[in-house]
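Please read the structure below before turning to the comments.
The values are calculated or read from the model by the stated rules, or taken from the named source; none is laboratory data. All figures in this text were calculated on a predicted structure; none of them were measured in a lab. Please note: Cβ atoms are built from the backbone with ideal geometry, for glycine as well, and neighbour counts cover all protein chains shown. Areas reflect the complete protein model, heavy atoms only, side chains present, ligands, DNA and RNA absent. Shrake-Rupley method; radii C 1.70, N 1.55, O 1.52, S 1.80 Å.
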Amino acid sequence: MKPSKELLEHSIKRILNTKNLEDSIPEIVSCFEVLHLKKNEFFVAEGNICRYFCFVESGILQHSIIVSGEEKTTYLALKNTYTSALKSFKNQIPSRKNIKAISPCSLWILTIDTFNFLLQNNEAFFQFYFHLIENQIFLIDDYRINLLTLSPEERYQNMLLNEPYLLQQVPLRYLASFLGISTRHMSRIRKNTI
């Protein structure tokens, strides 16, 4: 299916959540360009500068780090979400993590120059970005608290309750890593849950 900016525009409106700035949304949408990634292709590799901020129209981007030779998933960017190696992107410094496509992806991207131009010259984009970051901070806070306070079984149950679609969309090994559970233990938990 050919990428369309309709999903992007709808997402910006939803996050912005105010009618009085909607006239500025077409300018924002017009600045995004399409990028396709094949499965296992990197959006950014550790040590490289992240070149884009993106909206995921389709596919899944896995954020990961290597710890003692083992890949650890730190985040999964699914359809209808925004992502970047933000510190690398905003500061134009090498990324401390990898972001790769774990399925074919269609992305809408902004370069740093376009991103900064919109931030400085488009109030709707500024407000959209503020709300986006605020929501991400809430999610990260919940994730960290859950990682520290819930057992592996409780984390799995929490995912089933709040994000059951992940089981259909994300391979088990990435989900296990994201939840901080070994793949073998995750298999046992799933078997006991069924």
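On inspection, residue 84 fails the criterion of being over 19 Å from residue 171 (Cβ atoms), of a type outside the set (A, V, I, L, M, F, W, C) and over 15 Å from the mean Cα position of the chain (by Cα).
Looking only at the range 38-70, which residues are in a loop (DSSP other than H, G, I, E, B) and open to solvent by 30 Å² or more (accessible area, probe 1.4 Å)? Selection gives 38, 39, 40, 41, 46, 47, 48, 51, 68, 69. Would you confirm whether or not the range 23-36 contains a residue that is of a type in the set (A, V, I, L, M) and over 19 Å from residue 115 (Cα atoms)? Checking the range 23-36: not a single residue is of a type in the set (A, V, I, L, M) and over 19 Å from residue 115 (Cα atoms).
Being of a type in the set (Ser, Thr, Tyr) and modelled with pLDDT under 95 is the filter; apply it to the range 59-80 and report the residue that is nearest to residue 120 (Cα to Cα). Among those that are of a type in the set (Ser, Thr, Tyr) and modelled with pLDDT under 95, it is 75.
Restricting attention to the range 126-170, the residues that are under 23 Å from residue 58 (Cβ atoms) and among the hydrophobic types (A, V, I, L, M, F, W, C) add up to 7. Restricting attention to the range 77-109 and to residues that are open to solvent by less than 30 Å² (accessible area, probe 1.4 Å) and of a type in the set (Val, Ile, Thr), the residue that is farthest from residue 46 (Cα to Cα) turns out to be 109.
Matching residues to (1) more than 22 Å from residue 67 (Cβ to Cβ); (2) over 19 Å from the mean Cα position of the chain (by Cα); (3) surrounded by fewer than 16 Cβ atoms within 10 Å (Cβ to Cβ); (4) without any contact (Cβ under 8 Å) to a residue 12 or more places away in the chain:
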site	(1), (2), (3), (4)
130	yes, no, yes, yes
133	yes, no, yes, yes
144	no, no, yes, yes
151	no, yes, yes, yes
154	yes, yes, yes, yes
161	yes, yes, yes, yes
170	no, no, no, no
183	no, yes, yes, yes
